[in-house]
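Undergrad: Starting off with a structure, shown below.
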Amino acid sequence: MTLANAITVLRIMTVPLLVVFLFAETEVAKYWAAALFLIAGVSDFLDGHLARSRDEVSVFGKLADPLADKLIVLTTVFALVKRSLVNSWLAIVLLVKEVVLILGGAWLFCIKRRVISASMPGKVAAVVLYAGIFLTILELPLGQVLIAIGIGISLMAGAYYLFQALTGGTEKIG
């Protein structure tokens, strides 16, 4: 277990606590949820950086890191929908896009033994989504607008990943 993989596992383990804070609906809980979400976002970039800089990139990390990110983002967005802080259509569009990416990625991995590395549009989408979600947790202006923009960029990144998969722009595993 590398340090980067341990951070990824810890990110996944924060999801239940994040949900508890999101549904507590108190001022203190709101700030704890925002802090935990911010830590999850920063650690998303930290684990990838550590894996690359320490030459510890692993198959587990390539698969678990994006799944952890999707789990954190989708869980938080749907909790915010439940609290009427995000429009449900935004969450549904994001969910459908992520399910398509997960199924496509699983097919590519299982059949072709290949993965698609994160792209710049995907990274930009993540930053914008995290910023929007963070602001929305704190019930600050522009949060939902940034979430919508992040989802738009995420859809473009998804189209790029599809192009990569169809044209062979993937990385061989094993």
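Undergrad: Going residue by residue through the range 1-19, is there one that turns out to be part of a helix (DSSP H, G or I), among the polar types (S, T, N, Q), over 14 Å from the mean Cα position of the chain (by Cα) and modelled with pLDDT under 95?
TA: Among the residues of the range 1-19, at least one is part of a helix (DSSP H, G or I), among the polar types (S, T, N, Q), over 14 Å from the mean Cα position of the chain (by Cα) and modelled with pLDDT under 95, which makes the answer yes.
Undergrad: While we're on this one: Could you check residue 25 against (1) modelled with pLDDT under 90; (2) within 19 Å of residue 116 (Cα to Cα); (3) out of contact with any Ser or Thr (no Cβ under 6 Å at 6 or more places or on another chain) and say which number it fails?
TA: Looking at each condition in turn, residue 25 falls short on (2).
Undergrad: Within the range 86-123, restricting attention to residues that are of a type in the set (Val, Ile, Thr) and in contact (Cβ under 8 Å) with a residue 12 or more places away in the chain, which residue is farthest from residue 136 (Cα to Cα)?
TA: Ranking the qualifying residues of the range 86-123, first place goes to 115.
Undergrad: Please specify each residue of the range 136-167 satisfying the condition of being among the small types (Gly, Ala, Ser) and within 16 Å of residue 77 (Cα to Cα).
TA: Within the range 136-167, 143, 148, 150, 152, 154 qualify.
Undergrad: Here's another thing I want to ask about it. Quick check on residue 159: is it modelled with pLDDT under 95, small (Gly, Ala, Ser) and surrounded by fewer than 14 Cβ atoms within 10 Å (Cβ to Cβ)?
TA: yes
Undergrad: Which condition number in (1) free of Cβ contacts under 8 Å to residues at least 40 places away in the same chain; (2) under 20 Å from residue 41 (Cα atoms); (3) part of a helix (DSSP H, G or I) is the one that residue 159 fails?
TA: Going through the list (1) free of Cβ contacts under 8 Å to residues at least 40 places away in the same chain; (2) under 20 Å from residue 41 (Cα atoms); (3) part of a helix (DSSP H, G or I), residue 159 breaks only (2).
Undergrad: In the range 15-58, which residues are of a type in the set (Asp, Glu), touching a helix residue (DSSP H, G or I) at 6+ places or on another chain (Cβ under 9 Å) and surrounded by fewer than 18 Cβ atoms within 10 Å (Cβ to Cβ)?
TA: Matches in the range 15-58: 56 only.
Undergrad: Out of the residues in the range 92-117 meeting the condition of being among the basic types (Lys, Arg) and crowded, with 16+ Cβ neighbours inside 10 Å, tell me which one is modelled with the highest pLDDT.
TA: 97
Undergrad: With respect to residue 80, is the statement that it is under 19 Å from residue 128 (Cβ atoms), in contact (Cβ under 8 Å) with a residue 40 or more places away in the chain and either under 17 Å from the mean Cα position of the chain (by Cα) or not in a helix (DSSP H, G or I) (or both) true?
TA: So residue 80 fits the description; yes.
The values are calculated or read from the model by the stated rules, or taken from the named source; none is laboratory data. Values in this document were obtained by computation on a predicted structure and should not be read as measured data. Glycine gets a Cβ as well: all are built from the backbone with ideal geometry, and neighbour counts include every protein chain shown.
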